[in-house]
Structure formats: structure tokens, C-alpha cells
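Visitor: One structure, as C-alpha cells, below. Some questions next.
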Amino acid sequence: MILTERKVPFELMYMQAFSRRVELSSKDARTLSVLESGYEGEVHYDKVLEEIGHESLIVFRDIYVKAGDAVAQFDSIIIDDNTVTVNEIKNYSGFYSYNGGQWFSGKFEVTEDAISQLKRAMGKLKKIRYESKINFDVSGKIIFPNLDLQFDCDDERARSLVVMRNQLKEYLKSFRSSGVSEQSKKIAQVIYRKIIDNPYFDKSADITDLKRGLYCASYGRFDLDIQKYYVYCRRCNCRESKESHIIRAFSDFQALFRREKMTRQKLQEMLGNQISERMLQRMLKRYCETCSTGAATYYKFKYYDYKEAVEKAPQNSLYILGLKHFK
Ligand SMILES: [Zn+2]
């Protein structure tokens, strides 16, 4: 039973939307690629668990939890009867080693310490256990889901904390309670009540840095022929409905300016006024919630991101969704 679904993290959403409208510095490009790779690793892990099935388990994916005064992020928590297991997922690739208490990528020392991170995460759960006065066991593993990882480790104890990709299926199968117990539910409730939104994300783009207008979904080109219902890309010859473009704009705006209020004016600024007021108004009504603070009206995108909007939007509005190549 999955209690919280994994979603694209705020930071990755931000960097993806940002990369569409700004020439990334090499540092930003690296950040984006690390975030993408991390997310891919987590998605692979989820997929393996889906294949095996999780009916008898309670699973939290990608949550921030408040424990005492501190906040901890968990990639995955599995509750199996009376045991709560943390899985810290690291999508490392290439040559990694843990020798003499230090991590190396190739010959270079790595500052990120997956073992301390895992211990810290487990510590937070123990803190929750202490506060809640419910007794449960806490365990944890570091998951290495990348196929292209060669891992070398001279420390037996550290090695025992690691699950490699080829062991992942067996590892996840080893959770074998016969059904979700009352105790599991009780523990899950305690954790659930402590979930908070990601408190660390505070990035916001500067609109003056951004390229304005619509861009094609295939290659991110801005050289478009915008017609009444469809938008044609002059470069890669893709065709996409205007509605789909506008939904992506809502999603991008939310990702780029998460702490700002979305107004029609700001949207139009980002879109270089390429959409008529009438069309934008209609789409705002369909996909956003209208809010107002006295004189000003602003909007909240009803969906987490573009993907969720396309999946969950009312069917009758989807006649023009989708992307096609017309040549
Ligand atoms: Zn294109």
C-alpha cells in the first residue's frame, strides 16, 4: 500500500523549466543532470517494488518529516509489521568505493556520506518512536539502483548496509508479512501526521533572465508558428495543441516561481504575449483555481505538474492534447 506517491522533486522541476528558458551554466547543467539521475534511480526502485507487489506493506515515498525541531527527507520508508525500514537511494554510477571510512568516486574523495545520511534518517525515526511512545524496530539500507556501478568496499559492516541493483529484487521480496497489521497502521499514522512540505526549496527565477514565449515540447525550440488551436514547430516539425502549451506554461510558472502568486500579467510576460487574453482566461478557468486578495486576482494551478494535469484533467477538454509530428 503506497501512502505517498513519488513526484518530481521541486528542485528538479525548477531546473527543468529553467533549462528551457535559460542557457545553463556548466554548474547548473551538472546540477540538473545529478537531479535527473537521482530521480531516475528512485523511479527504478519504485518500479521493482511495483513488480514484486506491496499489498502487505505500507510505503512512504519521498517525504519530508518533522522530528522534534529537525526535518528529515526520506526517499522511501517501508513499514512491515513492527519494523520501519529506511531506504536511502543513491543512483551512483561508475567506480565507487568505501575504504577506510571514506567514500571515493574513482580516485577522488566524495564529501557526501551515504552511511551518515542513512544513520541520520534512522535516528529521526527513533526520535519519532520516542515521542510517540509506540515501540517499533528501525532498520535501514542504502540502495544502489544503477546498473553501471562498480562498488568496492573493505568494510564488512558498511557492505552489509548496501543493496546493489542485482540484489534489489531479492531484498524487497524479503519483506514478507502476511498483511498490513494494526501495529503497522498505528506506526504509519504517527509518521503520516509528521509529514510536511519540502521546507528547503526557496529558488525563484528572475523573469528578466528568461527567454519569453512558447517552446516546442520535443526540443524546446522557440521558433513556432502559432495558429488558432495548434502550434507548429518550424524546426522539428512537431505539432502540439495550444492547450497543451498553456498547461505546460502553468506548470513551468509554478516550478519557476513557487513562492509567487501567478497572475495573468506575469504569465503573459513569461509567454511573451503569444496567447490571446481570451484563450488564457479560458485555460485559467479550466486548470487553475481563482483566488483573490482584495483588488488583485491570482491563480493556483490545480495540478502538481504538466503530467498530472494531462492525466487527470476532465476528459472533454483533452480533445486537443497531444503531440504529433506532421511531416
Ligand atoms: Zn520543435
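Visitor: If a residue must be surrounded by fewer than 17 Cβ atoms within 10 Å (Cβ to Cβ), among the small types (Gly, Ala, Ser) and under 19 Å from Ser218 (Cβ atoms), how many such residues does the stretch 1-32 contain?
Guide: So the count comes out to 1.
Visitor: Would you mind finding the one in Gln183, Gln189 that is more than 16 Å from the ligand (Cβ to nearest atom), part of a helix (DSSP H, G or I) and under 25 Å from the mean Cα position of the chain (by Cα)?
Guide: Gln189
Visitor: If we keep just the residues of the stretch 205-231 that are touching a residue at least 60 places away in the same chain (Cβ under 8 Å), more than 9 Å from the ligand (Cβ to nearest atom) and not small (Gly, Ala, Ser), which is nearest to Phe257 (Cα to Cα)?
Guide: Applying the filter and picking the extreme gives Ile207.
Visitor: Another question, then. Starting from the stretch 53-73, take each residue that is within 18 Å of Thr83 (Cβ to Cβ) and not assigned by TED's automatic domain parsing to the domain that holds Ile191 and list its partners that are basic (Lys, Arg) and open to solvent by less than 30 Å² (accessible area, probe 1.4 Å), counting only C-beta distances under 8 angstrom and pairs at least six apart or across chains.
Guide: Once the first residue is within 18 Å of Thr83 (Cβ to Cβ) and not assigned by TED's automatic domain parsing to the domain that holds Ile191 and sits in the stretch 53-73, no partner that is basic (Lys, Arg) and open to solvent by less than 30 Å² (accessible area, probe 1.4 Å) comes close enough.
Visitor: Ok, one more. Before we move on, is Phe201 in the same structural domain as Tyr306 (by TED's automatic domain parsing) and not small (Gly, Ala, Ser)?
Guide: So Phe201 fails the test.
Visitor: Filter the stretch 218-254 down to the residues that are outside any loop (DSSP other than H, G, I, E, B), over 30 Å from Lys203 (Cα atoms) and open to solvent by 30 Å² or more (accessible area, probe 1.4 Å) and list them by number.
Guide: Asp225, Ile226, Tyr230, Tyr232, Arg239
Visitor: Follow-up. Could you say whether any residue in the stretch 87-97 is outside any strand (DSSP E or B), open to solvent by 30 Å² or more (accessible area, probe 1.4 Å) and in contact (Cβ under 8 Å) with a residue 40 or more places away in the chain?
Guide: yes
The values are calculated or read from the model by the stated rules, or taken from the named source; none is laboratory data. Quantities reported herein were computed from a predicted structural model and do not represent experimental measurements. With ideal geometry, Cβ positions are generated from the backbone for all residues, glycine too; neighbour counts draw on all protein chains shown. Areas reflect the complete protein model, heavy atoms only, side chains present, ligands, DNA and RNA absent. Shrake-Rupley method; radii C 1.70, N 1.55, O 1.52, S 1.80 Å.
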